[in-house]
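> One structure follows; several queries about it will come next.
Rule-based calculations on the coordinates, nothing more; no lab input. This is a predicted model, so every value here is computed, not measured. Note: ideal-geometry Cβ built from the backbone for every residue, glycine included; neighbour counts use all protein chains shown.
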Amino acid sequence: MLPHVAAIRYVTPLREGGSLPGLMEADDLGTYVVKFRGAGQGRKALIAEIVSARLARACGLAVPDLVTVDLDPALAPGEPDQEVQDLLRASAGLNLGIDYLPGALDFDAGAGEVDGGLAGRVMWFDALVSNADRSWRNPNMLLWHGKLYLIDHGATLTFHHRWETAASAVARPYDASDHALAGRGARIDDADRELSAALTEDLLRAAAVDIPEEWLADEPGFDRPDQVREAYVSQLAGRLRARQAWLPGLRAAAAGGTPRDRGAGARPGRPAWLTGPRDHSGAGPQDHSGAGPQDHSGAGPQP
């Protein structure tokens with residue numbers, strides 16, 4: 001199970017994307033990017049983050065540490081923004097925290113270099129979880145302490161938004177033509193040999209166990225949370241068995257050319273959610289590199 005903390009202060013909203021995550025401090029002295037169950041994408045986006053993070057780590061890929069965050073709606077009245085107040089009230093209870101990485105840089109898809117082995121693992125992982133949010137325009141990858149970190153997996157596992165048609169997604173090809181690492185010589189077959197053996201059914205089941213039970217309750221078509229967990233395991237195991245349906249597209253994208261303007265629209269420098277807390281006076285972001293939020297990378301339980 002994921003470590004659990006309680007939110008003690010809302011620092012600033014992070015207005016990139018539609019879910020309006022917020023930077024919050026917690027009672028373990030950590031600072032987290034919190035994604036809220038009351039946001040438009042709901043608990044399914046939080047579930048996708050948890051399962052994909054566990055699978056990414058099993059693929060040898062770095063992701064920020066995750067925690068569950070208990071949110072008291074009593075924090076809401078202290079926020080001047082009515083939209084933030086409404087979101088905090090709608091998100092009372094358990095939410096998801098993603099470790100804040102001070103000083104991280106956004107990966108530049110036009111200039112960043114990635115080893116072919118690592119690129120292969122990233123692309124293979126994204127195809128497995130059907131990640132639609134790793135394009136060269138928005139790579140959702142960070143460079144922190146010389147290491148590549150993957151972030152923002154709320155748009156993965158799209159099959160769970162409609163379980164009655166989930167079976168049709170098992171062998172669905174993955175369009176990697178716009179992937180941030182397409183045309184980089186990713187070693188797809190090496191990744192497939194290594195990772196398909198590593199992602200056992202027991203590991204898939206362990207990833208599903210990390211999902212809080214209350215996020216699985218009252219799921220249409222299921223009587224109990226454990227049935228929903230098994231549905232995730234069955235779906236992902238089926239996608240692994242159906243790899244020959246989506247590997248050809250990965251190979252083609254890895255071997256394809258890189259457009260001259262690839263990365264021209266990517267965000268340079270630090271992404272907005274890492275520019276640091278902003279006070280409500282409008283004074284602007286504060287740089288916490290080397291000070292401020294505690295570095296939790298590698299500390300504490302790992303999901």
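> If the viscosity is 1.306 mPa s and the temperature 10 °C, what Stokes-Einstein diffusion coefficient in µm²/s follows for the stretch 106-255 when Rh is the Kirkwood radius over Cα pairs?
98 µm²/s
> What number do you get for the stretch 4-102 when its Cα radius of gyration is normalised by 2.2 N^0.38 Å, N = residues?
Rg over 2.2 N^0.38 Å, computed on Cα atoms: 1.03.
> Testing the spin-label approximation: label points 7 Å from Cα along Cα→Cβ at Asp27 and Arg137. State their distance in nm.
With each label placed 7 Å out from Cα toward Cβ, I get 4.3 nm.
> Follow-up. Want the number for His145 to Arg224: 0.36 nm per residue separation, take away the alpha-carbon distance, what's left?
Working it through step by step, the gained length comes to 24.2 nm.
> Hand me the trypsin sites (Lys or Arg not before Pro) from the stretch 100-198 located in a DSSP loop with no more than 16 other Cβ atoms within 10 Å, in residue order please.
For trypsin sites (Lys or Arg not before Pro) across the stretch 100-198 that sit outside H, G, I, E and B with at most 16 neighbouring Cβ atoms in 10 Å, the list reads Arg137, Arg162.
> Restrict the search to the stretch 1-52; then list the trypsin sites (Lys or Arg not before Pro) that DSSP places in a loop and that have at most 13 other Cβ atoms within 10 Å of their Cβ.
Arg15
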